[in-house]
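**Student:** Sharing a structure below in structure tokens format, with a few things to ask.
What follows draws every value from the coordinates through simple rules; no lab data is involved. Bear in mind that the values here come from a model prediction, so they are computed numbers and not experimental data. Cβ placement follows ideal geometry from the backbone for every residue including glycine, while neighbour counts extend to all protein chains displayed.
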Amino acid sequence: MKPTAIIALVMLATILVLAGCIKSTESGTSHEAAHWSYEGNTGPSHWGDLSPDYRTCKTGKNQSPIDLTGAMPVANLPELIVNYRTLPVSATMHNNTHTIQVDENTGSTLIYNGTTYRLLQYHFHNPSEHTINGEPAAMELHLVHRDDEGNYLVVGVLFEAGAENPVLAGFWDALPEEEGETTLGAEVNIADILPIDGIYEAYEGSLTTPPCTEGVHWIMMKTPVEMSQEQIDYYGSFLGGTARPVQRLNNRAIAEKAAGFVRP
Ligand SMILES: [Zn+2]
């Protein structure tokens, strides 16, 4: 073997060893998110103990979801200015074992109280997480937004059994049923699913999944929208039981906006 070939082999071996070290170092020290679920030892009552990162799930005083009973009408609440775009055919839906998440990168925004929030993704819970008079709805949609300062605003929509929902029908057949599966969505505008009266209930809460981060502005649409029992059952056949139980209201108030939002 020529000296140059030997040098090349030594260099290659060194690169491989270094690559292995880097890889093992990463896996050894990296801060991988702890596994959580909706049942058993990793279910909601244990989330706060699964990782130091999840402590707020246990110690937080402004947690979500909540029971929405007892909202007080407030006259001067801001309108929701919804400016969502239609998803391109390349939009993806992902089954992350907790939910089906539809990623948004179309520049859809929502303006609330003078602040512009970008729509990041939307996803579903079965049954609903928020309750009314202690009763969950069939399902719940969460539209997750964030502003430039990193503040979250989530718009929630409750579903009840009724007529087939035409917006959901646009992509329901393509939902990724398998854990970890990703499928292509459809050209729907999710704004079309919002109840037209625009009545909402607002409160300050948290993410409803670990790490249960607080400081989330919640806008729950008061009027449920319909989806068919078939649509509900289909989702539940592979991702049922994905709702965190309601949390204590503590010192929070729920404010109700009596009228409308704006869709440019
Ligand atoms: Zn959610």
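**Student:** Residue by residue through segment 252-257, which ³J(HN,Hα) values in whole Hz follow from phi under the Karplus form 6.51 cos²θ - 1.76 cosθ + 1.60 (θ = phi - 60°), with glycine and proline marked x?
**Tutor:** Taking θ as phi minus 60°, the curve returns 8, 10, 10, 9, 10, 9 Hz for segment 252-257.
**Student:** How far, in degrees from 0 to 90, does helix 3-29 lean away from the longest principal axis of the Cα atoms of the chain, to the nearest 10?
**Tutor:** 30
**Student:** Would you mind checking the radius of gyration and Dmax of segment 51-257 based on alpha-carbon positions, in Å?
**Tutor:** For segment 51-257, the Cα radius of gyration and maximum Cα-Cα distance read 16.2, 46 Å.
**Student:** Separate question: Segment 121-150: which GluC sites (Glu not before Pro) are DSSP loop and have at most 14 other beta-carbon atoms within 10 angstrom?
**Tutor:** 149
**Student:** In whole Å, what is the distance between the alpha-carbon centres of segment 95-110 and segment 116-151?
**Tutor:** So the separation of the two Cα centres works out to 11 Å.
**Student:** Check cross-link reach from residue 58 to the aspartates and glutamates: straight Cα distance under 19 Å, and skip same-chain residues fewer than eight apart.
**Tutor:** Qualifying aspartates and glutamates at Cα under 19 Å: 39, 49, 67, 129, 204, 214.
**Student:** Here's a follow-up. Counting pairs of alpha carbon atoms under 8 Å apart in space and at least six apart in sequence, what relative contact order in percent does the chain give?
**Tutor:** The value is 26 percent.
**Student:** Specify the inter-centroid distance of segment 157-175 and segment 214-244, based on alpha-carbon positions, in whole Å.
**Tutor:** Between the Cα centres of segment 157-175 and segment 214-244 lies a distance of 10 Å.
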